[in-house]
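Please read the structure below before turning to the comments.
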Amino acid sequence: MSIEFIVSQDPQLLEQYYQLRQACFRKELGIPDFDGSEDALDRRSHILLAIQDGRCIGGARISPNIPLEGQLRELELAEDDCCMWERFVVDPAVRTIQLIRDFCAKLIEYSRYFGYQYALVLSSLRNARFYRQCHTALDVGFQIHRAVPDCAQGAFAGLEHYLSVSNLKDVSAASLKKCVPVRLAA
């Protein structure tokens, strides 16, 4: 059973992703009122999905919207060079460290394909450290910068938030060969 990573606009696959993120965020993040349905930012972003046997088992949003202008200035990053990785989720029934590493590699690959040099991530410190391990395994720079509690909004208010940056511009071809090629789907 192979897993395919695709950027898709297929309504059925996207709905499966939205339902999965809602269920996982409610249970795993303890946000009982989280609404995982499609929002305006989803429609302006690229949604990377992990598909197994025609079913969505994971997804993440690659967003051009960076609501962190102050942090971008401090890090001396141009907004047009950056994307945000958001709403990352993998079905707990199939979640493995290798699957998450492969997913991170695909996020890197697709983000580069779309022309981004950096990807920003807001996550818990625990997740940021895990993402750094995934990036290290791929020889891709990933730096955890600082706690940014003021960035927590809506349902995420009160959750721990750390800002991290993935350096996509210096990724070697050898690093990306560890995964299957990029494929865009309708």
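Derivation of every value follows stated rules applied to the coordinates shown; laboratory data play no part. None of these values were measured; they are calculated from a predicted model. Positions of Cβ are backbone-derived with ideal geometry, glycine not excepted, and every protein chain shown enters the neighbour counts.
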Next on the checklist: What's the magnitude of the charge dipole for the range 3-176 around its Cα centre, counting Lys and Arg as +1 and Asp and Glu as -1 at the beta-carbon? Answer in Debye, nearest 20.
Outcome noted: 460
Checklist entry - Short version: ³J(HN,Hα) in whole Hz for each residue of the range 82-95, in order, from phi by Karplus 6.51 cos²θ - 1.76 cosθ + 1.60 (θ = phi - 60°), x for Gly and Pro, what are they? => result 10, 10, 10, 9, 9, 6, 6, 8, 10, 4, x, 5, 10, 5
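With 10 angstrom as the radius, rank 72, 107 by how many other C-beta atoms surround their C-beta, starting from the fewest.
72, 107
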Checklist entry - Which GluC sites (Glu not before Pro) from the range 57-119 combine a DSSP loop assignment with at most 14 other Cβ atoms within 10 Å? => result 76
Checklist entry - Loop-only check: which trypsin sites (Lys or Arg not before Pro) in the range 1-66 are DSSP coil with at most 11 other Cβ within 10 angstrom? => result 44
Checklist outcome for this item: Listed with the fewest Cβ neighbours within 10 Å leading, 94, 171 appear as 94, 171
Checklist entry - Cα convex hull of the range 3-176: mean projected area in nm², to one decimal? => result 9.4
Checklist entry - Can you give the translational diffusion coefficient of the range 1-65 in µm²/s, computed by Stokes-Einstein from the Kirkwood radius over Cα pairs at 20 °C and 1.002 mPa s? => result 176
Next on the checklist: Which one, 98, 23, 7, is farthest towards the positive end of the dipole of the range 1-124 when Lys and Arg carry +1 and Asp and Glu -1 on their Cβ?
Outcome noted: 98
Checklist outcome for this item: So, with points 7 Å from each Cα along the Cβ direction, the residue 97-residue 112 label distance in nm works out to 2.4
Checklist entry - So for the pair residue 125, residue 74, with labels modelled 7 Å out along Cα→Cβ, what separation do we get in nm? => result 1.6
Item to check | Sequence of 166, 124, 2 once ranked by neighbouring C-beta atoms within 10 Å, starting from the fewest | outcome: 2, 124, 166
